[in-house]
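Here, each number is a calculation from the coordinates, and none is a lab measurement. For clarity, every value in this text was computed on a predicted model and none was experimentally measured. When we count neighbours, we look across all protein chains shown, and the Cβ atoms used for this are built from the backbone with ideal geometry, even at glycine.
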Amino acid sequence: MSTWAVEAHHVVRTFNDGDVRALNDVSLNVPTGEVFGLLGPNGSGKTTMVRILSTILAPSGGSATVNGFDVVKQPQQVRKSIGLAGQYATVDENLTGFENLRMVGMLNHLNKAYVVAKSRQLLEDFGLDFAANRITKTYSGGMRRRLDLAAALVASPPILFLDEPTTGLDPQSRQDLWAIIEGLVEGGTTVLLTTQYLDEADRLAKQLVVLDHGQIIAQGTSAELKAQMGATVLAMTFATQADAERARPFLERLSDKPLNVEGSVLEISVDRGPATTADALRLIDAEGIAVSGLTLREPSLDDVFLNLTGHRAEDVVAETSPPSGRRAKRKART
Amino acid sequence: MNLPSPLSTHSTFRWAVSDVLTIARRNLLSLIRVPVTVVFSIIQPIMFVVLFRYVFSGVINVPNGDYVNYLIPGILVQTMIFGSVGTAIGLAEDLQKGLIERFRALPMARLAVLAGRTISDMFRNILVLVVITGVGLAVGFRPGGGALAYAGASLLMLFFAYCLSWGFAFIGLVAPNAEAAQAIIFPLIFPLTFASSIFVPTLSMPGWLQPFANNQPISQTADAVRGLMLGQTHDHSTLIAIAWGVGALLLLAPLSVNRYRKAT
């Protein structure tokens, strides 16, 4: 028995007869009992990885095990070991919350009495008992995600795959979901989480890999990734782009972290936000350049990407097409 | 936690049956929740009954003279076949919504999504059968074959439509969405249902069309159903219809299952 909950060795997945390489030689080890983050923009290959690990999709190359079972050779054992929930919140809209959970429980081949009791308990735990007998078409986005997650938990799997569980959710629903995930990990569940949000990965995941164009471009703890980035991003708005460019050489001296000018906005990653801001203002004022706006913010995935790859995370979306029209359509729906 | 034991002692086979029933139950619940689909699948054949019974019947000549008795068994067969289009639409929608993905990540029997779907659609066909029989009786349909023969004819129709629905299942899995599935199926079933003995005797058709119209499976089924319901012997059409059904099932079920394995 392996010590890793999930192991992937040189996983490759191509689409359209090899034209699209969604995953290119991805290897990772997910330790048992932790949240492991798969961070990357849309089209980076996160969802493809989850689909391979949950036996929905076969890898074109490489191998992977989940809970010690090979995803290609022992798919039924893998399916018994996992729960899957994600951004599409695939609940049956015409069934009630309870009926959805019961269906998934029965399809997990659990004893009927257990399924009924467990479904009721999960609905209660996730604050959905008031809507248990309502058709899920009437559920809000946050309720749907919670139900989707509950469905993944009916069979109490040791390993949970969460594919962008909070994408598109309002802040309160995100917080709720995060609390639930933390509770699960405390209970011993291993979670493989994909996300586009650095703050989400930061809050939940111990270890992270960053995916771009189907390849791992960075890995480590979230603290390690952040240290690479700098703790804060200082964004200064100038009257014109020319002013921003004029300020660039002075501000570059302040930090060894990346600096970026887009239009009239200059962004620079710094370690000590407030102190560096004061320095920056002094320097620019001395040069007689006017600053019209200034913000300090936490670095985002976008900043990490800019730092690691030299391109913004959003740029990737346009050039990486999803594997099929059907998925594209679903993406558009969310 | 005070929960019963999650473990179950059922065999693999019993679980496969349970999976099929779980999926069929889920589909039937959806049907009840969205009754519009069912209502429409009943209104359409009623319109056909009224149209042919009262508008076209004057210009259609049938051997025994009583067109309503010729018509209703035909409409029933047509409705079963049109109803099975729902198999394609339902599967295409499940795929589109990502439900099939969820099912594929569950340790359930691979066959269950398709078998559950075709079975729940057969239940819908039973409902339609009962309603249209009632409508038929109301407009003067008088089957003379007796209750047992009527039940036999009904079973034959349901069986034939069930076998065919595996082909529609395949189309539902291949089509990019539900609308496309419908668009693919219509040109396939239109010639089969209208160039057949469903509405008019094939003898009234041009000579070049008759060999096709006489021997294609839907005509054979319609002839067999009509023969049973009216108490008229009709060569070997019952056996031929059963043979078509079995053949279709043997060909289409593996095709669909294979497609399901690959569908994403």
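Numbers at a glance
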{"read-out": "Lysine pairs within chain A, Cα separation less than 30 Å, 8 or more sequence positions apart or different chains", "value": "26"}
{"read-out": "Residue A:112-residue B:215 FRET efficiency (beta carbon distance; Förster radius 56 Å; 0.05 resolution)", "value": "0.70"}
{"read-out": "Residue with peak Gaussian network fluctuation, chain B [Cα springs, cutoff 10 Å], from B:78, B:210, B:220", "value": "B:210"}
{"read-out": "Theoretical FRET efficiency, 1/(1+(r/R0)^6), r = Cβ-Cβ of residue A:133 and residue A:20, R0 41 Å, to 0.05", "value": "0.40"}
{"read-out": "Segment A:179-196-segment B:149-181 distance, computed between alpha-carbon centres (Å)", "value": "44"}
{"read-out": "Simple spin-label estimate for residue B:184 and residue A:172 in nanometres, 7 Å along Cα-Cβ", "value": "4.5"}
{"read-out": "Net +/- balance of residues flanking residue B:111 in space, Cβ distance below 11 Å, scoring K and R +1, D and E -1", "value": "+2"}
{"read-out": "Value of [θ]222 nm, deg cm²/dmol, for chain A, DSSP H segments ≥ 4, -39500 (n - 2.57) each, nearest 500", "value": "-12000 deg cm²/dmol"}
{"read-out": "Estimated 222 nm signal from helices in chain B, with DSSP H stretches of n ≥ 4 weighted -39500 (n - 2.57), rounded to 500", "value": "-25000 deg cm²/dmol"}
{"read-out": "Distance between modelled label sites at residue A:231 and residue A:179, nm, 7 Å Cα→Cβ extension", "value": "2.8"}
{"read-out": "Simple label model, 7 Å out from Cα along Cβ direction - residue B:44 to residue A:60, nm", "value": "4.0"}
